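The values are calculated or read from the model by the stated rules, or taken from the named source; none is laboratory data. Computed from a predicted model, the values in this text were never measured in an experiment. Don't worry about glycine lacking a Cβ; one is built from the backbone with ideal geometry, like all the others, and counts go over all protein chains shown. Side chains are part of the model used for accessible areas, which takes the heavy atoms of the whole protein and leaves out ligands, DNA and RNA. Shrake-Rupley method; radii C 1.70, N 1.55, O 1.52, S 1.80 Å.
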Amino acid sequence: MKKILIPVDGSPTSVKAAEKAAALGKLINGELLFITVVNMPSEEKYAYFGMNVEQQFTANRKEMLAKLIQEETKMLKIIVRNLDTGDLKVTQKVLVGRTAAEIIRIAEEEKIDYIFMGRRGFSPVERFFVGSITQKVISASPCPVIVVNG
Ligand SMILES: Nc1ncnc2c1ncn2[C@@H]1O[C@H](COP(=O)(O)OP(=O)(O)OP(=O)(O)O)[C@@H](O)[C@H]1O
Ligand SMILES: [Mg+2]
């Protein structure tokens, strides 16, 4: 069975990409894997400047991350609920890390056949070609990437 990976950031373009992915999924009776990636600022950054990150900050970061994962999980659920996925197998995952690297990692790990993503995301800057995440994924993806215009 073909596996389709759909990274969404919640932007209208990413939702449109998800709709197209679901439509293809139904045509080929594929399996859909929806992911969203949460980024956290690294402590290493501060260490680089010789700064000591206080323990309190570390605790807050953990809390912040937990909260973000919670919110992203809800967002993903809403996006998937609003899609017509018929009786396809659907999986949802919230990942933590650097966005493009996580998308590539899971595409390799899950032996994904196609990635569907938006040409752009939330950035207010209208890029000439595609957003930075999409650009990175196109460059390094182990499988074909279908870029959906918003
Ligand atoms: N955090 C994320 N998790 C999952 N998918 C994402 C994430 N961010 C972006 N994407 C995917 O990448 C597509 C393009 O977004 P991208 O971030 O590349 O462009 P942008 O936000 O317009 O510009 P920028 O390069 O400033 O981020 C989105 O439509 C979505 O499919
Ligand atoms: Mg973006």
Considering every residue within segment 102-117, establish whether at least one is in contact (Cβ under 8 Å) with a residue 40 or more places away in the chain and aromatic (Phe, Trp, Tyr). yes
Do we find a residue being open to solvent by 80 Å² or more (accessible area, probe 1.4 Å), more than 27 Å from residue 141 (Cα to Cα), of a type in the set (Lys, Arg) and more than 14 Å from the chain's Cα centre (by Cα) anywhere in segment 99-111? no
Does residue 128 satisfy the condition of being in a loop (DSSP other than H, G, I, E, B) and over 15 Å from residue 18 (Cβ atoms)? yes
When you scan segment 76-91, do you find a residue that is within 11 Å of ligand 1 (Cβ to nearest atom), open to solvent by 60 Å² or more (accessible area, probe 1.4 Å) and modelled with pLDDT of 95 or more, even just one? no
Exactly one condition in (1) in a helix (DSSP H, G or I); (2) under 14 Å from the mean Cα position of the chain (by Cα) is not met by residue 117; state its number. (1)
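Of the residues in segment 126-143, how many are β-branched (Val, Ile, Thr) and near ligand 2 (Cβ under 10 Å from one of its atoms)?
Residues of segment 126-143 that are β-branched (Val, Ile, Thr), as a first pass: 130, 133-134, 137-138.
Subset that is near ligand 2 (Cβ under 10 Å from one of its atoms): 133-134.
Within segment 126-143, residues that are β-branched (Val, Ile, Thr) and near ligand 2 (Cβ under 10 Å from one of its atoms) number 2.
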Using the structure shown, decide if residue 15 is hydrophobic (A, V, I, L, M, F, W, C), modelled with pLDDT of 95 or more, within 16 Å of ligand 2 (Cβ to nearest atom) and open to solvent by less than 50 Å² (accessible area, probe 1.4 Å). yes
Could you tell me how many of the residues in segment 1-12 are surrounded by fewer than 20 Cβ atoms within 10 Å (Cβ to Cβ), on the phi < 0 side of the Ramachandran plot and within 15 Å of ligand 2 (Cβ to nearest atom)? 2
Report, by residue number, each residue of segment 92-140 that is within 9 Å of ligand 1 (Cβ to nearest atom), over 26 Å from residue 1 (Cα atoms) and of a type in the set (A, V, I, L, M). 125, 130, 133
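When segment 118-142 is examined, which residues are found to be in contact (Cβ under 8 Å) with a residue 40 or more places away in the chain and open to solvent by less than 30 Å² (accessible area, probe 1.4 Å)?
So the first thing to find is which residues in segment 118-142 are in contact (Cβ under 8 Å) with a residue 40 or more places away in the chain, and the list is 118-122, 133, 137, 140.
Within segment 118-142, 118, 121, 137 qualify.
Is one or more of the residues making up segment 37-49 within 12 Å of ligand 1 (Cβ to nearest atom) and surrounded by 14 or more Cβ atoms within 10 Å (Cβ to Cβ)?
Going residue by residue through segment 37-49, those that are within 12 Å of ligand 1 (Cβ to nearest atom) are 37-40.
Those left that are additionally surrounded by 14 or more Cβ atoms within 10 Å (Cβ to Cβ): 37-38.
The answer is yes; a qualifying residue exists.
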Taking the conditions exactly as written (surrounded by 11 or more Cβ atoms within 10 Å (Cβ to Cβ) and at pLDDT below 95), does residue 68 satisfy them or not? yes
